[in-house]
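Take a look at the structure set out below.
The values are calculated or read from the model by the stated rules, or taken from the named source; none is laboratory data. Just so it is clear, the structure is predicted and the values come from calculations on it, not from any experiment. Because the Cβ atoms are built from the backbone with ideal geometry, glycine has one as well, and the counts that use them run over all protein chains shown. Areas reflect the complete protein model, heavy atoms only, side chains present, ligands, DNA and RNA absent. Shrake-Rupley method; radii C 1.70, N 1.55, O 1.52, S 1.80 Å.
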Amino acid sequence: MLLAIIAACEIGFWVLLAAGLATRYLLRWNRVSAVLLVSVPLLDVVLLTATVIDLRGGATAGFAHGLSAAYLGYSVAFGHSWVRWADERFAHRFAGGPPPKGKPRYAPERTRYEWREFGKAAIAWTIGCGVLLGMIAMVGDADRTEALLGWALRLTTILAIWSLWPITHTLWPARPKDHGDREDHGDGGGDGRDAAVTSGRGGSRW
């Protein structure tokens, strides 16, 4: 049941985001758009509430409860980047906005970008592990929450692996072959590594 709620929250995020941007750029209904986009974080509240109710009802914590904590962490930490990513593309396609920015290719911009993304991952780790510890404390039964400790280890492993990108770009920064190749794209939001995480998503969405 909890896995179905997680899937529904993920689908709901993209549906509300698409609806919010469509009403803004296609229909010019700015107030409706604002209501739809502001409603998106409520999905996280729904998921957290469902998880707490399930555990307080006597359920033994399992894969779904750990996934719920991880999802919440990455949703809060990377959500704003996903919204910006989608908004840039909608604005460019339907409102004559500038082309979407990609992630920078060369140092020092690329190095700063990688550390910013790692910072979001660290926020996701903090929130996810905080939710896991909260669940463990709430249940107060080590036998029922053993699986949650395993999820804390998973999230820590993901963060450790993620750190390789900013460290690598700091020690061996990418340089253009000549000055004409330098591109300053700024922060293009999340990158492909976001999909490697369970929620698969970074601050809050808003």
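Data overview
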quantity: Test: residue in the range 64-76 that is under 25 Å from Ala4 (Cα atoms), of a type in the set (Ser, Thr, Tyr) and either open to solvent by 30 Å² or more (accessible area, probe 1.4 Å) or part of a loop (DSSP other than H, G, I, E, B) (or both); calculated: no
quantity: Any hit, the range 116-128, residues being at positive phi and out of contact with any strand residue (DSSP E or B) (no Cβ under 9 Å at 6 or more places or on another chain); calculated: no
quantity: Residues that are open to solvent by 30 Å² or more (accessible area, probe 1.4 Å) and not β-branched (Val, Ile, Thr), drawn from the range 1-21; calculated: Met1, Leu3, Ala4, Ala7, Ala8, Glu10, Trp14, Leu16, Ala18, Ala19
quantity: The range 118-143 - residue that is assigned to a helix (DSSP H, G or I) and over 18 Å from Leu48 (Cα atoms) and, of those, least open to solvent (accessible area, probe 1.4 Å); calculated: Ala121
quantity: Failed condition for Ser68, given (1) among the hydroxyl-bearing types (Ser, Thr, Tyr); (2) at pLDDT below 95; (3) closer than 29 Å to Ile11 by Cβ; calculated: (2)
quantity: Answer from Arg144, Arg105 - the residue that is of a type in the set (Lys, Arg), more than 30 Å from Asn30 (Cα to Cα), modelled with pLDDT under 95 and more than 23 Å from the chain's Cα centre (by Cα); calculated: Arg144
